[in-house]
Each structure stands twice: as structure tokens, then as C-alpha cells.
1. If you roll a 1.4 Å probe over the range 244-375 with all protein chains in place, what percent of the accessible area is carbon or sulfur?
2. Would you mind computing, in nm to one decimal, how far apart the modelled labels at LEU174 and ALA47 are, each placed 7 Å from Cα along Cα→Cβ?
3. Find the relative contact order for the range 244-375 and round it to a whole percent, using C-alpha pairs within less than 8 Å whose residues are 6+ positions apart.
4. Which cross-chain or sequence-distant (5 or more) residues have an amide H under 5 Å from the amide H of SER37, H modelled 1.01 Å from N in plane?
5. Return the distance in nm (one decimal) between the two label points of a simple spin-label model at LYS56 and THR20, each offset 7 Å from Cα along Cα→Cβ.
6. On full extension of the chain, what length is gained from TYR361 through LYS149, given 0.36 nm per residue of separation minus the C-alpha to C-alpha distance?
7. Among ALA296, HIS254, LEU352, whose Cα sits farthest toward the positive end of the charge dipole of the range 244-375 (+1 at Cβ of Lys/Arg, -1 at Cβ of Asp/Glu, about the Cα centre)?
8. Counting only heavy atoms of protein chains, what accessible area per residue, in Å², does the range 1-59 have with a probe of 1.4 Å?
Amino acid sequence: FSFSTGSTLCSYELQPSEYTTDPRAAKLCPKYPVPESAPIPFFHRCAPVNISCYAKFAEALITFVSDSSVLHRLISGVMTSKEIIMGLCLLSLVLSMILMVIIRYISRVLVWILTILVILGSLGGTGVLWWLYAKQRLSASALDTQIAKDNLQALLIYAIAATIFTVILFLIMLIMRKRVALTIALFHVAGKVFIHLPLLVFQPFWTFFVLILFWTYWIIVLLFLGTTGSPVPNEEGFVEFRMAGPLKYMWWYHIVGLIWISEFILACQQMTVAGAVVTYYFTREKRNLPYTPILASVNRLVCYHLGTVAKGSFIITLVKIPRMILMYIHTQLKGKENACARCMLKACICCLWCLEKCLTYLNQNAYTATAINSTNFCTSAKDAFVILVENALRVAAINTVGDFMLFLGKVLIVCSTGLAGIMLLNYQRDYTIWVLPLIIVCLFAFLVAHCFLSIYEMVVDVLFLCFAIDTKYNDGSPGREFYMDKVLMEFVENSRKSVKEAGRGGGAEGRELKPMVGADEE
């Protein structure tokens, strides 16, 4: 600066050539107008060396939070109730484990137990919310403080939402009541699967761990991409890194990789579970099962079926990316497009979402067919599609009801955890806003229940496809014996009897409960 402008900023005792070499420069020269910084390795960015810079940022953030009264009350509510939140999160984990034990050992009565408990839980939760609202509304000091007013309004919202949810749940259970018995046999066999393959319960944890590792790697690569390119001075005199050539398109490649690899990891979990359950189903003597069926399934996946899960996950990626692009366009044009364009965008997004869900379900069954026949993805997808079409009504009657009952299990865990949270947080209502703590607890409870019960749901789906294939190619005659469990054989026989009795009576229920029989009998 001194050479180019002729200005001598330091004391005259120093010559301009000594500004950077003389040790007296620290005292005889002015301080830099920006904090001293050092480069971060690999990222081409400078960060302040003095920690006080970060302390000032933290101080500014704390000041912002303190100035926002609503945000301050919400955060203080979470901090005040942190012990209760941690305890309730642990409670949801324990309840999920207990539910898995119940599924394993009393699967025959599980459906009716869940139905009764959900009815009592939803009624009890709704009643408690209205009781607390009425109690605080009639209290003389209910509206003395702003916190009390916020809690009263939150109670009213919760009570109305719980009432609507309870009514909808009752209507659904009323419609599904005649089909509930069809799931008992599959639930019983699924319970036996978990007895023989207890490590299946921990599959969500391994998958989540691998996803976390991949997402961490993805973020690191993203940071590298953000600092690639050549340093070029801009109009303001600063240096920025500009990407040229193929590097400009690496962002799209990286985003596609995020979606594809994430779907690939989830598909590997589905393939592992399908392989272990198929090994269990088609082993007549359960004593002859491999020592570790899950590890054997992982070995088959790595050696033979990585291409299958890669192709299946890529198909999901091809559908998911256009949907995300349309959602981004819809967000950017919100309030600017006309009604017709908005309707078309929403219709396209909805259609792509439905297609993605259908392909995900077909992929899962294709992985099961691959585990059974060791065929490639396209052949397995075709075989699985044919089986599902042939048993379309039975898929609706068995698979859907099974998923619904597992959903009731998730609802039971969330309602139980939420009810316990309401009772515990109610003691702090005078000095703590417990809207946010209760939401955090319920979300965590649902995630935990979903992680545990999603594996059970996957096992039921795999068992159903194995059951359908077994009944298609076998009829129980000598040389064509069933592989299925005795409980499923009883289910087939009872279904046949129900159809015959309903057929003689001309009832519509006979058509609904059409049994799964062999192809020759059909």
C-alpha cells in the first residue's frame, strides 16, 4: 500500500521496506482494519484467529433471541422442561420395545388389544384435554399472565384436533372391522420370524448409521465443491472462485448422487430383510436355518444383488427428481402464477408422488422375488407385478389392514407418550409454555415407533408375497406341499369355509373374503 500510494501509515522511524520485516512494526504500525485470519485447510477460505470474533457473534445471537419475546418463551419452556423431555423420549423408546415384545409373543390377540387400547387412548387423551381446558378456563387466575393465556389457547387447539382425529379414527376402524381377522395369521407368523431372527429389530439403526455417514461425506464434498474453481478478482476488488467447464454441472451430479445413494441404502435394507425372511419362510425345518440368516442375506446382497438394488433405487430417483423440480418451481412461482397453472403443477406433483409410492411398493416386492428366484431386477419386478395383480383384492384385504394395524401401534405409542407429557407438563403451566416441548416429544415418539414398526411392516409384506407364491405353485398335495406355517394353512382353510358359507347365503362378504388358492384350483 505504501509503495503504490506513497502514504506512510507507520511511524517515520520505519522505512516502507521494513514494514513486514522489522519486529518493531507491531508497535509502530496501526492495527489492521480486519481481524487477523488464517486459511482453513483445503477450503480456500479465511477464518478469524481470535476467538473473540465468534464470541461477539454468539452475543449478537443471544441478544436477538432475548429481544424476541415469543421465541424467548418457547426456548425457555424447552430448557425448563428438558428433564421431562428426555424422560418422555426414553419412555417412547421403552414403549416401542414393549410393543415389539407383544408382537412377538401374543400376536394372535395383538390386533384386538391394539384396537381396544387405541380406542381407550384416543378417548382418554381427548377427554383429558377438554378437562384441562375447562379447568383452566374456569380458574379465576387462568388469564393473569401471558403464559397462561398461551397455554389455554394451546389446550383448546389440542382438544379440537384430538376430537377430530378420534372421530376419523373411529370411522376408519368401523369400516375395517370385518377385515381385521385376516391379518392375525400373518402377524402370528411375523412374530415367529422375529423370534428366530431377533437381529431384524436393529436393522433401522444400522441403516440410519450408514445414512448419517453418507450424508456427512456428502456435506464435506459439497463444501469442497463450493470452493473449487480458479481465483478471479471481481469488480469490487475481492477475489472469488469461479467454476468453468464441467465443474459448473457438478452441483447437479452431486444432488442426483444424494438422492440415488440414499435410496440405494434404503433398498439394501429392504433386500437384506427380504432375503432373511425368505430364507425363514422356505426352510421347512426351522432347526436347519443358517446360524445368522441376516449376515447370509447381506453376503448374497453384496455378491449377487447390488445391481438389482442399484437399478431399483435409480428408478425411484428418476421419478423423485422431476417431482422435486416441480415443487421448487411451484414454490418460486407462489402467488405469481394463475389458477390454471397452479392446478396443473399441483396435479403433476400429486401424480408423480403417487407413481413414486407405487414404484417403491413394487420395488420392495421385486426385491422379495429376487431373493426367492435369484433373478434380475426386471424379471423380478415383472413376476412380483403379476403376483400382485392376481391377488389384488387380497392385497387390499391383508396387506393394507396389516399396515393399518401397525399404524395404530404408532398412534398408541404417540398417544401414550403425549398423554404422559400432558400430565407432567401440566404441573409447570403457570411458568412454562409447554407447546414446543410436547411437539418435540410427540415427533420423537413417532420417529422411534416408525423405526421399530417399519421393519415389522416390511416383514409382513415379504411374508404375504411368499404366501402368494407358495399358494400359486403348491396346493398341499404330495409332491407339492406348502412351505407355509400351520397358522397360514388354517387361515386358508377357514377362508375357504367362510367363502362357501357366504356363497350359499349370497352375502357380499363372501366375495370380499375370497381365499388364496392355487392356480390350478382357480
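1. Details: 5210 of 7470 Å².
Using a 1.4 Å probe with all protein chains present, the range 244-375 comes out at 70 percent carbon and sulfur.
2. For LEU174 paired with ALA47, the spin-label model returns 6.1 nm.
3. 35 percent
4. Counting only residues 5 or more places away or on other chains, the set is VAL49.
5. Taking the simple label geometry, LYS56 and THR20 are separated by 2.6 nm.
6. Numbers: separation 212, 0.36 × 212 = 76.32 nm, distance 4.67 nm.
Between TYR361 and LYS149, full extension yields an extra 71.7 nm.
7. So the residue furthest toward the plus end is LEU352.
8. Numbers: 5200 Å² over 59 residues.
With the other protein chains kept in place, the range 1-59 gives 88 Å² per residue.
The values are calculated or read from the model by the stated rules, or taken from the named source; none is laboratory data. Quick caveat: nothing in here was measured; it's all calculated off a predicted structure. All Cβ positions, even for glycine, are placed from backbone atoms using ideal geometry, and neighbour counts span all protein chains on display. With ligands, DNA and RNA removed, areas are computed over all heavy atoms of the protein, side chains included. Shrake-Rupley method; radii C 1.70, N 1.55, O 1.52, S 1.80 Å.
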